[in-house]
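The values are calculated or read from the model by the stated rules, or taken from the named source; none is laboratory data. Just so it is clear, the structure is predicted and the values come from calculations on it, not from any experiment. For neighbour counting, all protein chains shown are included, and Cβ atoms are generated from backbone atoms with ideal geometry for every residue, glycine included. We work out accessible area using only protein heavy atoms, side chains counted, and drop any ligands, DNA or RNA first. Shrake-Rupley method; radii C 1.70, N 1.55, O 1.52, S 1.80 Å.
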Amino acid sequence: MTSTVGGLWDSLLAEGRPWWITSNSDSHKVYADWSKNPVDNVTSAPWDAAGHTFDNFGRYGDPVYAGGIQTGNADFWPGYYSRTHVGATSRDYRAVMAGIRAGRIWVAHGDLVRGLEVRVRATGGDRNGATLGGQLKVHRGATVEVSIKVTLAGTPNFAQFVPTLARVDMITGAVTGAAPDRDTFTTPRTKVARSWEVNKSTGSVLRTHTFPNVKDPLYLRLRGTDGNQLAPGILGAAVDPSGPAIDVVGDADPWADLWFYSNPIWVLPPAGR
Amino acid sequence: MLTVLGVDAGSRTAAEAEHLLLAVVADLGGDPGAVLCTHAVRQGTPHYAGTITLAAPVALPDVPDAGVALLGADPDLAGGEALPASTGSVPGDLPGDLPGDVPGDVPGDAPVAAGVRTGGDPTLVRNALAAATDRAAGADGRAVRFPGMELLTGTVPVADVLRRTAVDEVRVLAGGTLPPDARLTTRDFCRPVYQNGKLVLLVLPAGPGLVAPFEVPNPTPCCAAHG
């Protein structure tokens, strides 16, 4: 859904629907943990002397010592591989939740990059403009500039290497309104509009893009890759010349195929006459 | 002429539907040439129905707690309730748009004979009939038993899959292409699906020159078994 350019997510964005992406760790049984579920996930098994079970109490008891290191587990701790970055205005839970609701979110695998700042401004307009999840209302015919700052990874990730960002892509699409068929899985006017090679491994990367004479509503979103596993997108090279390649069964190292994705920003001139 | 039997016993999983189909086909005499398919039912509580495609006519079987529908029913063999070829009068709350007479050709096989009989739970009958109609049209069905399936063990050339089994196409997911002289790592578990009249096996890249079925034999149930 997220990785297909012009797919289901883009079709929602092209309708103007604020549908945010997040990244879930799905952390259940963590690799190399020393503890385990007290009743090995048997929902009907009592985990204390009072007879509490998952079925009758709604949760399991606290973890217990597993007897040794659990190398048969497959999960990572939350944030150790996939991570959701939220732009919060202060250091508290409410601000984080407000940031999530506003879509000020980008996600990455394996700490591919350390920071991402995106701002869209109209020439002569509000200097603050709009950031991820936002909408920039502009005059018809406005010149709109996108400023992107990527702070590259400077410290090792959980796999003990410093990831290298190879490329940043900007994906743009036309906002075309409600889809007549609600089962629509594609949208025809979304594609990778611009790509920037990074060619450096420390510090930060600044890039800008200008949309001249914006007459129709559009949205943009960003993604970046380590450049390791690339293939034309499912909707063709004209839409996505070099997107994420599908995994090879039995040979898919998650640390050798890292991407980041941002949520969208809309640029909205008034409807034409 | 073929007959297509649809069965819906409300199976919660595809594997449960597969076991039901194997039991029903054994009761019907165990035709080794029978094609067994599971069908996702999306109306109401999502679950799985099944179809059995047979070369010889059978009487409509009685499957406990299920709805059954037979396309190509032999008028001399009893069982259930006959639907008139012109439809209209239907048992329970079946929809009006039922197959009129001959539902069509089973792709790669003979046409289905005229005649429709239904029986059992009136709600499930509707799903059983829809599954049988989809199967007869080649529009749907995940094949559990099909001609040549016994050859799909270990690693086999894709060319042999196409030549020696009922599979019409081996298709790489996400627009990928088959490598030249591709070989299929079957994991001894292939579940091709009927799409637009063709039996298609969906595969993924699995290393140099290799592809593997997209569907794995032992999928991890989502959040159920690793809680």
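Just one of (1) over 19 Å from the mean Cα position of the chain (by Cα); (2) open to solvent by 30 Å² or more (accessible area, probe 1.4 Å); (3) among the β-branched types (Val, Ile, Thr) fails for residue A:267. It is (2). Looking only at the range B:159-183, residues that are of a type in the set (A, V, I, L, M, F, W, C) and more than 22 Å from the chain's Cα centre (by Cα) come to 4 in all. One residue is enough: does the range A:204-215 have a residue meeting the conditions over 18 Å from the mean Cα position of the chain (by Cα) and within 13 Å of another protein chain (Cβ to nearest Cβ)? Scanning the range A:204-215, I find no residue that is over 18 Å from the mean Cα position of the chain (by Cα) and within 13 Å of another protein chain (Cβ to nearest Cβ), so the answer is no.
Annotation: residue A:63 fulfils all but one of (1) within 13 Å of chain B (Cβ to nearest Cβ); (2) in contact with a strand residue (DSSP E or B) (Cβ under 6 Å, 6 or more places away or on another chain); (3) open to solvent by less than 50 Å² (accessible area, probe 1.4 Å); (4) not charged (D, E, K, R); the unmet one is (3). How about the range B:195-227: which of its residues are farther than 23 Å from residue B:148 by Cβ and either modelled with pLDDT of 95 or more or over 21 Å from the mean Cα position of the chain (by Cα) (or both)? Correct list: B:205, B:207, B:208, B:220, B:221, B:222, B:223, B:224, B:225, B:226, B:227. Pairs are defined by a Cβ separation below 8 Å, a sequence spacing of at least 6 or placement on different chains, a first member in the range A:58-86 that is at positive phi, and a second member that is open to solvent by 50 Å² or more (accessible area, probe 1.4 Å) and modelled with pLDDT of 95 or more; the pairs so defined are A:68/A:34.
The residues of the range A:99-129 that are more than 20 Å from residue A:223 (Cβ to Cβ) and over 17 Å from the mean Cα position of the chain (by Cα), listed by number, are A:121, A:122, A:123, A:124, A:125, A:126, A:127, A:128, A:129. Restricting attention to the range A:19-46 and to residues that are of a type in the set (A, V, I, L, M, F, W, C) and within 13 Å of chain B (Cβ to nearest Cβ), the residue that is farthest from residue A:73 (Cα to Cα) turns out to be A:45. Of the listed requirements (1) open to solvent by less than 70 Å² (accessible area, probe 1.4 Å); (2) under 21 Å from residue A:247 (Cβ atoms), residue B:154 misses just one: (2).
Only one entry in A:68, A:58, A:6, A:51 is surrounded by 12 or more Cβ atoms within 10 Å (Cβ to Cβ), away from chain B (no Cβ under 12 Å) and of a type outside the set (A, V, I, L, M), namely A:6. In the condition set (1) closer than 26 Å to residue B:60 by Cβ; (2) surrounded by fewer than 20 Cβ atoms within 10 Å (Cβ to Cβ), residue B:169 is compliant with all but (1). Restricting B:6, B:44 to those that are in a loop (DSSP other than H, G, I, E, B), of a type outside the set (A, V, I, L, M) and over 21 Å from residue B:165 (Cβ atoms) reduces the list to B:44.
Residue by residue, here is whether (1) within 30 Å of residue A:229 (Cβ to Cβ); (2) out of contact with any strand residue (DSSP E or B) (no Cβ under 9 Å at 6 or more places or on another chain); (3) away from every other protein chain (no Cβ under 14 Å); (4) free of Cβ contacts under 8 Å to residues at least 12 places away in the same chain holds:
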{"residue": "B:137", "(1), (2), (3), (4)": "no, no, yes, no"}
{"residue": "B:144", "(1), (2), (3), (4)": "no, no, yes, no"}
{"residue": "B:152", "(1), (2), (3), (4)": "yes, no, yes, no"}
{"residue": "B:169", "(1), (2), (3), (4)": "yes, no, yes, no"}
{"residue": "B:194", "(1), (2), (3), (4)": "no, no, yes, no"}
{"residue": "B:215", "(1), (2), (3), (4)": "yes, no, no, no"}
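Being of a type outside the set (A, V, I, L, M) and not in a loop (DSSP other than H, G, I, E, B) is the filter; apply it to the range A:9-27 and report the residue that is surrounded by the most Cβ atoms within 10 Å (Cβ to Cβ). The extreme case among them is A:10. Given the conditions (1) closer than 30 Å to residue A:76 by Cα; (2) open to solvent by 30 Å² or more (accessible area, probe 1.4 Å); (3) of a type in the set (Val, Ile, Thr), report the number of the one that residue A:143 does not fulfil. Failed condition: (1).
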